[in-house]
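Okay, so here's the structure we're looking at.
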Amino acid sequence: MVLYPISYYSVCIVLLVFVDQKKGSLFYPYMVLTSVLGIISTIVGLTYPTWDNYQEKYVTTIPFGFSRIHRILFNVMIIGFKLLVLLYWPRNTSSLAYTVSVGWVCLYLIVFVIVNKNRIYAWRMHLGALARASAGLGMKR
């Protein structure tokens, strides 16, 4: 199963805003958080190209296979889109909006864990082996 970064699913919510602005505004906290974190992640990816390789282990990004110049152009457009979201998204800071946004993130995290369960299990096993190795060397924490 292909899993994209959480901010990619914002496109569905953008369509919801055009259909029903009041319901779309319920995702305001989610859209602000993913826009801010997405801008930071995109800038880090443009600055440190190894970030894209690390990110690609867990989620599939659209510009990963692009040439360097096309990846830069794509990411600049994404940053522009995220800035427009921050400026023009209908504001809603009600408790219902936070509940809907947290629920959306929790749903994504459940799918993320299911899709990446083998990688997460291997990571936990690696940490356990490191802990056993450090205990065997007489290192105490």
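Summary table below
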item: Interchain or long-range residues, amide H under 5 Å from Asn116's placed H; result: none
item: Heavy-atom accessible area ranking, 1.4 Å probe, most first, across Tyr30, Tyr48; result: Tyr48, Tyr30
item: Listed residues Lys22, Lys117 arranged by accessible area, highest first, probe 1.4 Å; result: Lys22, Lys117
item: Heavy atoms of Ser94: accessible area, 1.4 Å probe, square angstrom to 10; result: 40 Å²
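The values are calculated or read from the model by the stated rules, or taken from the named source; none is laboratory data. Model, not experiment: these values are computed from the prediction. Just so you know, the surface numbers come from the protein's heavy atoms only, side chains and all, with ligands and any DNA or RNA stripped out. Shrake-Rupley method; radii C 1.70, N 1.55, O 1.52, S 1.80 Å.
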